[in-house]
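Notes to accompany the following structure.
The values are calculated or read from the model by the stated rules, or taken from the named source; none is laboratory data. None of these values were measured; they are calculated from a predicted model. Because the Cβ atoms are built from the backbone with ideal geometry, glycine has one as well, and the counts that use them run over all protein chains shown.
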Amino acid sequence: MVGRQLNWNEYATAWARLHGGFDPRAATPVVRAWLRLSYHLGFLLGRLRVGPTAVTAVGVLLCLCVPLFAVRAGDGPFLGALFVLLASVADSVDGAVAVATGRTTRLGYVYDSLADRIGEVAWLVAFWLVGAPGALVAAAGALSWLHEYVRARAVAAGMREIGAVTVGERPTRVCVALVGLLLAGLTGLIQPDLAAGTITMATAVWVLLAAFGLGQLLSAVRRALIDAG
């Protein structure tokens, strides 16, 4: 049974505790607005007795729709971008439901992380189907996976804080997937052959940001673990 739901300040405090001490009230206006939107949607779903796991499952299904629709002639990349956006909303809201209703669990955290990785694989499959080279797509996936793996292992090794907010975090991947598919759709309307080149450039941007972000994270992890003794 769902207990009393948290107000925004209580939610922000609980959210910060689960995210390495990063207070959403001190975030940039855009990030703060996004997190407040997630909170309000999560609060509403909590009132409707919708559980966080159900929202996570919906998010995975939305991600799987990205490659299915992205290959459609004409509006395919636009539809893929729409599903990326909807999936990213679901990804934020499932955690908001859990925090706002006091239903956060370690198992839910595992499910959410697994859903994120499945979603990113689906987006990169869409990039490949639209025309990005397979090797570049594989490099993007591997670097993003390494980013999350390093952070998880560092936490297991004793790193208490988030380490660093790098340029290769999941929000960056969401933006690259969304903008990449939108631009591929726009250039494809001008000339179909241009879509493949556009999505290749988007994949290259993903690789560069993921590689640089991994370097930032490794440096932060090294400092944190040395300081921890």
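Tell me, yes or no, whether the stretch 55-72 has at least one residue that is outside any helix (DSSP H, G or I) and at pLDDT 90 or above. Yes: one or more hits. Among the residues of the stretch 181-210, those that are within 19 Å of the chain's Cα centre (by Cα) and not aliphatic (A, V, I, L, M) comprise Thr203, Trp206. Of all residues in the stretch 25-52, those that are hydroxyl-bearing (Ser, Thr, Tyr) and buried (at least 18 other Cβ atoms within 10 Å of the Cβ) total 2. Scoring Ala87 on the criteria (1) among the small types (Gly, Ala, Ser); (2) part of a helix (DSSP H, G or I); (3) in contact (Cβ under 8 Å) with a residue 24 or more places away in the chain; (4) surrounded by fewer than 17 Cβ atoms within 10 Å (Cβ to Cβ) leaves a single failure, condition (4). Set side by side, the residues Gly141, Gly102 differ, and just one is more than 20 Å from Cys63 (Cβ to Cβ) and not aliphatic (A, V, I, L, M), which is Gly102.
For the stretch 100-134, filtered to residues that are modelled with pLDDT of 95 or more and over 18 Å from the mean Cα position of the chain (by Cα), the residue that is surrounded by the fewest Cβ atoms within 10 Å (Cβ to Cβ) is Gly134. Contact map, the stretch 106-132: first residue in a helix (DSSP H, G or I), second residue of a type in the set (Phe, Trp, Tyr) and surrounded by fewer than 22 Cβ atoms within 10 Å (Cβ to Cβ), Cβ cut-off under 7 Å, separation 6 or more or different chains; pairs are Arg117/Trp145. Being farther than 20 Å from Leu218 by Cβ and in contact with a Cys (Cβ under 8 Å, 6 or more places away or on another chain) holds for only one residue in Trp128, Trp123, and it is Trp123.
There is no residue in the stretch 175-194 that is in contact (Cβ under 8 Å) with a residue 12 or more places away in the chain and over 14 Å from Pro77 (Cβ atoms).
Picking from Val137, Val205, which residue would you name as being without any contact (Cβ under 8 Å) to a residue 60 or more places away in the chain and surrounded by 15 or more Cβ atoms within 10 Å (Cβ to Cβ)?
Details: Val137 fails: without any contact (Cβ under 8 Å) to a residue 60 or more places away in the chain.
Testing whether each residue is without any contact (Cβ under 8 Å) to a residue 60 or more places away in the chain and surrounded by 15 or more Cβ atoms within 10 Å (Cβ to Cβ) leaves just Val205.
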